[in-house]
Amino acid sequence: MENGRVVRLELALDGNELTSVPAEIGQLTSLEVLDLYNNQLTSVPAEIGQLTSLTELYLFGNQLTSVPAEIGQLTSLTGLDLSGNQLTSVPAEVGQLTSLRELHLWNNRLTSVPAEIGQLTSLEELCLDDNRLTSVPAEIGQLTSLERLYLGGNQLTSVPAEIGRLTSLEELNLKSNQLTSVPAEIGQLASLEKLNLNGNQLTSVPAEIGQLTSLKELDLNGNQLTSVPADIGQLTDLKELGLRDNQLTSVPAEIGQLASLEKLYVGGNQLTSVPAEIGQLTSLEGLELDDNQLTSVPAEIWQLTSLRVLYLDDNQLTSVPAEIGQLTSLTELYLSGNQLTSVPAEIGRLTELKELGLRDNQLTSVPEEIWQLTSLRVLYLDDNLLDELPAEIGQLTSLEELGLERNELTSVPAEIWQLTSLTELYLGCNQLTSVPAEIGQLTSLTKLYLSGTKLTSVPAEIGQLTSLRVLYLYGNQLTSLPAEIGQLASLRELYLNGKQLTSVPAEIGQLTELKELDLRDNKLTSVPEEIWQLTSLRVLYLDDNQLTSVPAAIRELKAAGCDVVLDDGVTMDE
């Protein structure tokens, strides 16, 4: 006690690149907190067992391959962190640490856990994520104070039925294992609020899951589920349900009973229909039904006026009803990868919309009301049949990403060059023959795609795009490039492959941040010496040109780690 305050004796040696700890540390018998994390320790002296006053011991982020059995003498320990080491086992004596409330062993190489762990009856949090566990001892069921159990990222094929005894458990993480089933006893975890079974091999879940009436988050994404039990409808406190990337052909009507549900993820399945009862989920804010086989959705979906995010992309929809205009809270709407030939004018009512995906449909036009969505930041119209765009596109002044690739555009309205908030612009694979000088006004651009068009030149003003990091100009009819390309000081990737270039300006040597440069498949007979100064380059493609030799300076590029691809037979100058 000092000035009326309790003072803990703590020794902080973290982050000092220590390779060892002296045995004399055992003499610090009054020590209560010992920080040895983020060093380079490969072992801990047995004398650490003499620190019987120790309540917290932090050894994470070292290179420990073992822990001395004497650690079991630290019976005052409430917190022990051994995560981020190279441990293959834990001594049975850890079971003597009966005061322990938190034990962290994640990110090691553990293949098993001693049965004695079941003696830690005060334990509230046990972290065993990211090890190599193939099983968990049945004794884990004795940890009746446990509130949080993390077993993700292991090689578990099963979970002991005794897990059902953990009636204080609030969070259970079993993601990224090899589970093919879950014991029915899981239904006894009456306090459970979060259950993560993502990334396993489950083909079904027990009906008893419906008994978890305290559950708020259930993640079953990335399994092999072919059905979901109707009992899931009993989880009336559930706020988030993940069922995506399974093999579901249907969803039970009882899903409509989940009155608290805010997020529902069912994308990446084989659904051909959705139950009308989904319209009862009046609290729903996020609904993902993408990548299924839906030809239509129930009319009741358009009554979910709390929806902010709706993914219907990659289905087989041929139309969207006017009622979509009722979803006035939507901020993200994705309808890409369907068979839409039109979009209803009522989409213009979605004034909160920030992201709209309509790529990969059969649209020949879009309703003029879209240009009234002035909150839009992302608009994807790629892979359609558009042959023109109206000047009104210039009203979308908040737009940051605009995708127009693979349409039938021969030109774009001048107003596009006034969208100065754009950071990504995709215009490739159209019939464009020119780009105006006004492109230089888009000074926020970081990505510009102009590949696969009919461009014969690029305006000098492209040099004003000093934030540009990625530039695609391949597959055009360019024979040269403006010297101003050398002003793109932030450029990391430059793609110029494709048939016609006969020269490259020396100013390309100013692009000192460039990591990938593709000049293949052109008509180059030489390259400027300045290219060999681009020491940040990691890949340089020069094949399929008319080069017979390259400067000896190429050796310096290769020595700096650059992969230079040349045709066979190209020699190196002396």
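Points to keep in mind about this one:
- K558 - accessible surface, heavy atoms, 1.4 Å probe, Å² rounded to 10: 100 Å²
- ³J(HN,Hα) computed for each position of region 377-385 - Karplus, 6.51 cos²θ - 1.76 cosθ + 1.60, integer Hz, glycine/proline x: 10, 10, 9, 10, 10, 4, 6, 10, 10
- Close amide H partners of L169, meaning residues 5 or more places away or on another chain with modelled amide H under 5 Å apart, are S191.
- Sum of -39500 (n - 2.57) over DSSP H runs of 4+, divided by residues of the chain (222 nm, nearest 500): 0 deg cm²/dmol
- Nitroxide proxy distance, nm - points 7 Å out along Cα→Cβ at T121 and T397: 7.0 nm
- Whether the chain is rounded, prolate or oblate, judged on the alpha carbon gyration tensor where a/c under 1.5 counts as rounded: oblate
- With an a/c value of 1.5 or above and a/b not larger than b/c for the gyration tensor axes a ≥ b ≥ c computed over the alpha-carbon atoms, region 399-439 is described as oblate.
- Note that region 347-353 has calculated 3J(HN,Hα) couplings of 4, x, 7, 7, 6, 8, 4 Hz, one per residue in order, obtained from phi through the Karplus relation 6.51 cos²θ - 1.76 cosθ + 1.60 (θ = phi - 60°); glycine and proline are x.
- Mean-position separation - Cα centroids, region 137-207 and region 445-518, in angstrom: 54 Å
- Region 1-83 shape via C-alpha gyration tensor axes, a/c threshold 1.5: prolate
- Computed on the chain, with alpha-carbon pairs under 8 angstrom and 6+ residues apart, the relative contact order is 4 percent.
- In a fully extended conformation the segment linking T249 and Q500 would gain 85.3 nm over its present Cα-Cα distance, using 0.36 nm per residue.
- Cut-off 12 Å between beta-carbons: net charge of the residues surrounding W417, Lys and Arg +1, Asp and Glu -1: -3
- Net length available on complete extension from S30 to E408 is 128.3 nm, with 0.36 nm assigned per residue and the Cα-Cα distance removed.
- Taken over region 1-156, the ratio of Cα radius of gyration to 2.2 N^0.38 Å equals 1.02.
- Out-of-range pairs (alpha-carbon distance over 23 Å; input K354/K447; K454/K515; K447/K515): K454/K515
- The amide H of D291, built 1.01 Å from its N in the peptide plane, has G268, D313, D314, N315 as neighbours under 5 Å, considering only residues 5 or more places off or on other chains.
- J(HN,Hα) series, region 218-231, from Karplus relation 6.51 cos²θ - 1.76 cosθ + 1.60, nearest Hz, glycine and proline x: 10, 10, 10, 4, x, 10, 10, 5, 9, 7, 10, x, 4, 4
- Interchain or long-range residues, amide H under 5 Å from C429's placed H: R406, S451, G452, T453
- Dipole of the chain [Lys/Arg +1, Asp/Glu -1 at C-beta], most positive-end residue of Y449, L179, L271: L179
- Each Lys or Arg adds one and each Asp or Glu subtracts one; over the other residues with Cβ under 11 Å from the Cβ of Q211, this totals -3.
- Neighbours of N38, meaning other residues whose beta-carbon lies under 12 angstrom from its beta-carbon, give a summed charge of -4 when Lys and Arg score +1 and Asp and Glu score -1.
The values are calculated or read from the model by the stated rules, or taken from the named source; none is laboratory data. Just so it is clear, the model here is predicted, and its values are computed rather than measured. All Cβ positions, glycine included, derive from the backbone under ideal geometry; neighbour counts span all protein chains shown. Surface areas here come from the heavy atoms of the whole protein model, side chains and all, with no ligands, DNA or RNA. Shrake-Rupley method; radii C 1.70, N 1.55, O 1.52, S 1.80 Å.
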